[in-house]
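Below you'll find the structure, written out as structure tokens, and then a few comments.
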Amino acid sequence: MKTFALAAVLASVSFGAVAEEVNSIRFGVDPTFPPFESKSPDGSLTGFDIDLGNAICAELKVKCIWVETAFDSIIPALKAKKFDGVLSAMTVNDKRKEQVAFSDKLYNSPSRLVAREDSGLLPTPESLKGKRIGVAQGSTQEAYVKGFWVQHGVNIVSYQNQDLVFQDLINGRVDASLTDAPVADIGFLQTPNGKGFAFVGEAVEEKTVLGEGIAIGLRKEDNALREKINAALAEIHNDGTYKTIEKKYFTSDMYN
């Protein structure tokens with residue numbers, strides 16, 4: 001963990017200079033992607049991202065404020081200053097880098113295709129030609145299907161959130177869904193609604209659109225905030241907080 005320690009030291013100088021200017025951080029979140037972010041029966045927010053955000057705020061000794069926003073409008077809302085950062089399982093890719101800056105990596109989340117276990121489908125345009133593939137609006141998976149599969153006769157159906165995709169997958173209105181593997185696994189396949197469904201084929205590997213990990217999206221001009229968040233992230237790795245949160249939701253290593 002030497003790299004995390006070094007990051008914390010380097011960022012501490014900037015943090016110390018501006019710490020008094022900030023007493024809260026507002027994070028934009030779409031709570032429809034369990035286990036990363038969702039709503040408990042009592043209406044409170046829960047999930048891996050929520051716990052990570054709260055841990056970062058605790059390390060910085062500031063208040064965490066969560067602003068619920070649909071994912072397909074979350075970057076425009078960030079740029080309009082409705083909140084300070086996007087902490088909602090946002091994949092880092094080249095297109096998003098044109099609009100926002102990113103914190104250091106939070107974790108990895110590969111994309112996989114979910115369909116009925118006896119469907120015989122594979123995550124290839126040849127296998128999916130003529131099929132209806134459900135995706136969440138504004139997601140990297142939506143961009144991937146549009147950019148790599150639609151031209152080969154695959155039909156894309158975009159939904160406001162992933163919960164709606166799963167509902168139509170169950171009802172047979174779509175044949176499969178491309179989404180983040182942990183979202184599909186814990187939020188669908190391991191639930192009663194996921195009976196009869198499974199991952200089909202291997203993870204889809206493509207870095208330009210599907211990216212290389214999840215991070216916090218920030219306005220490009222907010223360098224001081226990014227440095228503070230990176231310093232806090234480094235410290236929660238160093239002191240074991242990250243691992244404690246990770247084990248609460250996952251059995252595998254989400255960072256490497």
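Nothing in this text is a laboratory measurement; each read-out follows from the coordinates by a stated rule. A quick note: this is a predicted structure, and the numbers were derived from the prediction, not measured. Every residue, glycine among them, receives a Cβ derived from its backbone with ideal geometry; neighbour counts consider all protein chains shown.
Explain nothing, just the number: relative contact order of the stretch 111-210, from Cα pairs under 8 Å at least 6 residues apart, as a whole percent.
Contact order relative to length: 45 percent.
For the stretch 111-210, just say rounded, prolate or oblate: build the C-alpha gyration tensor, square-root its eigenvalues into a ≥ b ≥ c, call rounded for a/c under 1.5, and beyond that prolate if a/b exceeds b/c, oblate if not.
Rounded, since a/c falls under 1.5.
Neighbouring Cβ atoms within 10 Å as the yardstick, rank Val204, Val86 fewest first.
Lowest to highest Cβ neighbour count: Val204, Val86.
Can you list residues whose amide H is under 5 Å from Asp84's amide H, if they're 5+ apart or on another chain and H is modeled 1.01 Å from N?
When sequence neighbours closer than 5 places are left aside, the close amide H contacts are Arg26, Phe27, Gly28.
Under the rule of at least 5 residues apart or a separate chain, name every residue whose amide H is placed under 5 Å from the amide H of Thr69.
Amide H neighbours of Thr69, under 5 Å, 5+ apart: Val29, Asp30.
So for the chain, averaging the separation of alpha carbon pairs under 8 Å that are six or more residues apart and normalising by length, what relative contact order in percent results?
31 percent
Ranked by Cβ crowding within 10 angstrom, fewest neighbours first, how are His152, His237 ordered?
In increasing order of surrounding Cβ atoms, one gets His152, His237.
Would you mind checking which residues have amide H under 5 Å from Val154's amide H? H placed 1.01 Å from N; only 5 or more apart, or other chain.
Under 5 Å from the amide H of Val154 lie the amide H atoms of Gly130, each far enough along the sequence or on another chain.
Around Gly240, under 12 Å between beta carbons, what's the net of Lys plus Arg minus Asp minus Glu among the other residues?
Charge balance near Gly240 sits at -1.
Any idea how far the Cα center of the stretch 200-216 sits from the one of the stretch 90-136, in Å?
Rounded to whole Å, the Cα centres lie 6 Å apart.
With angles folded into 0 to 90 degrees, how steeply does helix 48-60 sit against the dominant principal axis of the chain? Use alpha carbons for both and round to 10.
10 degrees
First check a/c for the chain, with a ≥ b ≥ c the square roots of the eigenvalues of its C-alpha gyration tensor; if it is under 1.5, answer rounded, and if not, answer prolate when a/b is larger than b/c or oblate otherwise.
prolate
With +1 assigned to the C-beta of every Lys and Arg and -1 to the C-beta of every Asp and Glu, and no other charges, what is the dipole magnitude of the chain about the Cα centre in debye, to the nearest 20?
Its charge dipole is roughly 320 debye.
Using θ = phi - 60° and the Karplus curve 6.51 cos²θ - 1.76 cosθ + 1.60, what whole-Hz ³J(HN,Hα) does each residue of the stretch 177-182 get, with Gly and Pro shown as x?
9, 9, 7, 5, 4, x
Looking only at Asp49, Asp175, Asp239, which one moves most when the chain is put into a Gaussian network model with springs between Cα atoms under 10 Å?
Asp239
Each residue of the stretch 159-165 in turn: what ³J(HN,Hα) in whole Hz from Karplus with 6.51, -1.76, 1.60 and θ = phi - 60°, glycine and Pro shown as x?
3J(HN,Hα) across the stretch 159-165, in whole Hz: 10, 5, 8, 5, 4, 5, 4.
Placing +1 at every Lys and Arg Cβ and -1 at every Asp and Glu Cβ, with all other atoms neutral, what dipole size does the stretch 63-153 have around its Cα centre, in debye to the nearest 20?
Its charge dipole is roughly 180 debye.
Helix-only mean residue ellipticity at 222 nm, the chain, DSSP H runs n ≥ 4 weighted -39,500 (n - 2.57), per residue, nearest 500. What is it?
So the helix-based figure for the chain works out to -10000 deg cm²/dmol.
Relative to the longest principal axis of the chain, what angle (0 to 90°, nearest 10) does the C-alpha long axis of helix 2-18 take?
Roughly 60 degrees between the two axes.
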